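Chemist: Take a look at the following structure, please.
The values are calculated or read from the model by the stated rules, or taken from the named source; none is laboratory data. It should be emphasised that the depicted structure is a prediction, and the values quoted were computed from it without experimental measurement. Glycine gets a Cβ as well: all are built from the backbone with ideal geometry, and neighbour counts include every protein chain shown.
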Amino acid sequence: MKNWLSQMKKVVGTKGFTDSPDEMQPWLTDWRGRYTGNAIAMISPGSTEQVSEIVKIAHQNKVTLVPQGGNSGMVGGATPDESGQAILLSLRRMNNIREIDAQDGLAICDAGVILQNFHEALDRQGQRFPLTLGGKGSATIGGLVSTNAGGTQVLRHGTMRALVAGLEAVLPDGSIYHGLSALKKDNRGYDLKQLLIGGEGTLGIVTAATVKTVPALLDRCVAWVGLASPQRAYKMLKFLDAKEGRALEGFEIVPKSCLQSVLEHIPGTRNPLDKFHEWNVLVEIVRDCPDAPAAQKVMEKLLEEAFENELADDAIIGTNETQAEQFWKIRDSIAEAERASGPALQHDISVPVSRMADFITDAGPDIERIFPDTKVAAFGHLGDGNVHFHVKGPDDVDPQKWMEENAKIITPTVHDLVMAAGGSISAEHGIGQNKLDELARLSNNAQMNALRSIKSALDPNSIMNPGKLVPLASKEPAS
Ligand SMILES: Cc1cc2nc3c(=O)[nH]c(=O)nc-3n(C[C@H](O)[C@H](O)[C@H](O)COP(=O)(O)OP(=O)(O)OC[C@H]3O[C@@H](n4cnc5c(N)ncnc54)[C@H](O)[C@@H]3O)c2cc1C
């Protein structure tokens, strides 16, 4: 065993060390199954001090570290390359909720705390963390911070950037950044915390975060609405926002094809409405203030008016939590159902909210026309101007081969349409290794130079998750 590797093993002990291929294997392929890498060992520190020791050894010996939380990321960011020279640095053992301060609406969590466990712990204390997503059973606080995750409550509460009040992290030389105190005002120059949020492990290892919490809901009401087009859905969004914006917490768009895919692949799901509509939206209204009317009453009134204004064609209100969960299960299972239904080129894109409906109705048919035999499914966070734009190939081709051949032509075409609409090629999943080339192709020199300069200033030996997020200088960006 290499000397530096024995030193690392000594730091974490046998509990935090494995180089067994069998034990490492589940963590060497990404959630979507698109990337598989190798690692010399998987190291799982049990404390911030251990992370710091490991990073110091890596820094001195120029060893590459690939941080990993729940491995639920969508862009191959937590998967090492194939060389087998990297250390997979798993934060999952650091899973302690250090503090919940309901009074101040703050909680401090270790990086490896799983989102669902955090939700449950807060619930027991009458609090909640207003960020959730389909991968909540695996996604960790460190991963959510490092990808600046979004999810289905961004409409009201923002992404991780809005929810992180402080961070603790180990920087690439092994020093510890102590930034957990939640200051409302702090003007001491560059905000390291914001650089680490969305940094995908390329600038340091997040070891803990102070996050904002809000009081638990008094009640909520979820409705499933059938309508004719994304434009109608956008009108509905504007209407709900104008009437009850403060209580509107979820607004997700689901096309008929995605609903059908869920019903086919996810056991225990059924169409909430009697017939299929071309488009559906899931609306969630919440009540967290005792003086406000019950969420169901608000929803009933809103939908009544929506029908009067011919915004909706059909709707069903979930009258209890079980029904609300069933509606959300459909939405949250789309990624899994789409994965089961065969290969698709997946694009996590955003455009200004007001332009998304037109983008969906224009770009979908455009792609299907340019690439005959493809089918587009766009679903997700319409209220945030962010949809997952999947382009599926024909049924009768070799899936892997089709993906490889078409990724190089279809994805750039989709991204060009997104850029023309003033959008972003990564709304919430990050860049990872999946979008490196496209980021380089579609970013200007100023942006690329700044990204590379920050990376090389903080991580001169490039030991922190190289090959992710920051394109190599040799890739010439557009001017
Ligand atoms: C079914 C499903 C639905 C999803 N829905 C959404 C959604 O709606 N919105 C959304 O934003 N995402 C969604 N995701 C993606 C995923 O859950 C998020 O990206 C999540 O933030 C990843 O967390 P993780 O702990 O699994 O991170 P990982 O996948 O392990 O890592 C993600 C990135 O963060 C880095 N990283 C991880 N931990 C640390 C750390 N402690 N310090 C430094 N770097 C670190 C990794 O190196 C990698 O670059 C979904 C995933 C699934 C499976």
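Chemist: Only residues that are surrounded by 15 or more Cβ atoms within 10 Å (Cβ to Cβ) and at positive phi: list them for the range 418-461, please.
Modeler: The answer is GLY430, GLY432.
Chemist: Assess whether PRO290 counts as being crowded, with 22+ Cβ neighbours inside 10 Å and part of a loop (DSSP other than H, G, I, E, B).
Modeler: no
Chemist: Sticking with this one: Mind telling me which of the residues SER6, SER47, SER52 ends up being within 15 Å of the ligand (Cβ to nearest atom), surrounded by fewer than 19 Cβ atoms within 10 Å (Cβ to Cβ), modelled with pLDDT of 95 or more and of a type in the set (S, T, N, Q)?
Modeler: SER47
Chemist: Just name the residue that is surrounded by the most Cβ atoms within 10 Å (Cβ to Cβ) out of those in the range 334-371 that are more than 16 Å from the ligand (Cβ to nearest atom) and among the hydroxyl-bearing types (Ser, Thr, Tyr).
Modeler: Ranking the qualifying residues of the range 334-371, first place goes to THR361.
Chemist: Turning to a different aspect of this structure: Can you tell me which residue is surrounded by the most Cβ atoms within 10 Å (Cβ to Cβ) among those in the range 61-93 that are closer than 15 Å to ILE431 by Cβ and more than 8 Å from the ligand (Cβ to nearest atom)?
Modeler: Looking at the filtered set, the residue picked out is THR79.
Chemist: Hey, VAL154 hits all of (1) away from the ligand (no atom under 12 Å from the Cβ); (2) more than 25 Å from SER44 (Cβ to Cβ); (3) of a type outside the set (S, T, N, Q) but one; which does it fall short on?
Modeler: (1)
Chemist: Give the number of residues within the range 318-331 that are part of a helix (DSSP H, G or I), touching a residue at least 12 places away in the same chain (Cβ under 8 Å) and surrounded by fewer than 22 Cβ atoms within 10 Å (Cβ to Cβ).
Modeler: Residues flagged as part of a helix (DSSP H, G or I), touching a residue at least 12 places away in the same chain (Cβ under 8 Å) and surrounded by fewer than 22 Cβ atoms within 10 Å (Cβ to Cβ) within the range 318-331 amount to 5.
Chemist: Next question, about the same structure. Tell me, which strands (runs of 3 or more DSSP E) wholly within the range 175-243 include 1 or more residues that are within 16 Å of the ligand (Cβ to nearest atom)?
Modeler: In the range 175-243, the matching strands (runs of 3 or more DSSP E) lie at 176-179, 205-212.
Chemist: Next up: Identify, by number, the condition in (1) near the ligand (Cβ under 10 Å from one of its atoms); (2) at pLDDT below 95 that GLY112 doesn't meet.
Modeler: (2)
Chemist: Give me the pairs, please: first residue somewhere in the range 164-175 and over 12 Å from THR207 (Cβ atoms) and acidic (Asp, Glu), second residue anywhere and surrounded by fewer than 22 Cβ atoms within 10 Å (Cβ to Cβ) and at pLDDT 95 or above, beta-carbon distance under 8 Å, and either six or more positions apart or on two chains.
Modeler: ASP173/LYS56; ASP173/HIS59
Chemist: Can you tell me which residue within the range 116-127, out of those that are assigned to a helix (DSSP H, G or I) and without any contact (Cβ under 8 Å) to a residue 40 or more places away in the chain, is surrounded by the most Cβ atoms within 10 Å (Cβ to Cβ)?
Modeler: In this case the residue turns out to be PHE118.
Chemist: So, one more: How about the range 244-255: which of its residues are in a strand (DSSP E or B), closer than 18 Å to PRO215 by Cα and of a type outside the set (D, E, K, R)?
Modeler: Selection gives LEU248, GLY250.
Chemist: Out of curiosity, is LEU240 in contact (Cβ under 8 Å) with a residue 40 or more places away in the chain, within 24 Å of ASP384 (Cα to Cα) and assigned by TED's automatic domain parsing to the domain that holds THR269?
Modeler: yes
Chemist: When you check ALA344 against the structure, is it over 21 Å from the mean Cα position of the chain (by Cα) and either under 30 Å from GLY393 (Cβ atoms) or in contact (Cβ under 8 Å) with a residue 12 or more places away in the chain (or both), yes or no?
Modeler: So ALA344 fails the test.
Chemist: Output the number of residues of the range 52-104 satisfying the condition of being part of a helix (DSSP H, G or I) and within 27 Å of the chain's Cα centre (by Cα).
Modeler: 2
Chemist: For the range 367-479, which helices (runs of 4 or more DSSP H) that fit wholly inside it have 1 or more residues that are modelled with pLDDT under 90?
Modeler: Helices (runs of 4 or more DSSP H) meeting the threshold: 399-420.
Chemist: Additional query: Is there a residue being more than 23 Å from the chain's Cα centre (by Cα) and either closer than 21 Å to GLN153 by Cα or without any contact (Cβ under 8 Å) to a residue 40 or more places away in the chain (or both) anywhere in the range 196-205?
Modeler: Scanning the range 196-205 turns up no residue that is more than 23 Å from the chain's Cα centre (by Cα) and either closer than 21 Å to GLN153 by Cα or without any contact (Cβ under 8 Å) to a residue 40 or more places away in the chain (or both).
Chemist: Of the conditions (1) away from the ligand (no atom under 14 Å from the Cβ); (2) under 12 Å from the mean Cα position of the chain (by Cα), GLU120 fails just one. Which one is it?
Modeler: (2)
Chemist: Does any residue in the range 64-92 that is at positive phi and modelled with pLDDT of 95 or more come within less than 7 Å, Cβ to Cβ, of a residue that is basic (Lys, Arg) and away from the ligand (no atom under 11 Å from the Cβ) six or more places away or on a different chain, and which pairs are these?
Modeler: Final answer for the pair search is GLY76/ARG34.
Chemist: Please go through (1) more than 16 Å from the ligand (Cβ to nearest atom); (2) in contact with a helix residue (DSSP H, G or I) (Cβ under 8 Å, 6 or more places away or on another chain) for LEU382 and return the number of the only condition it doesn't satisfy.
Modeler: It is condition (1) that LEU382 fails.
Chemist: Out of the residues in the range 136-170 meeting the condition of being among the β-branched types (Val, Ile, Thr) and outside any helix (DSSP H, G or I), tell me which one is farthest from VAL51 (Cα to Cα).
Modeler: THR152
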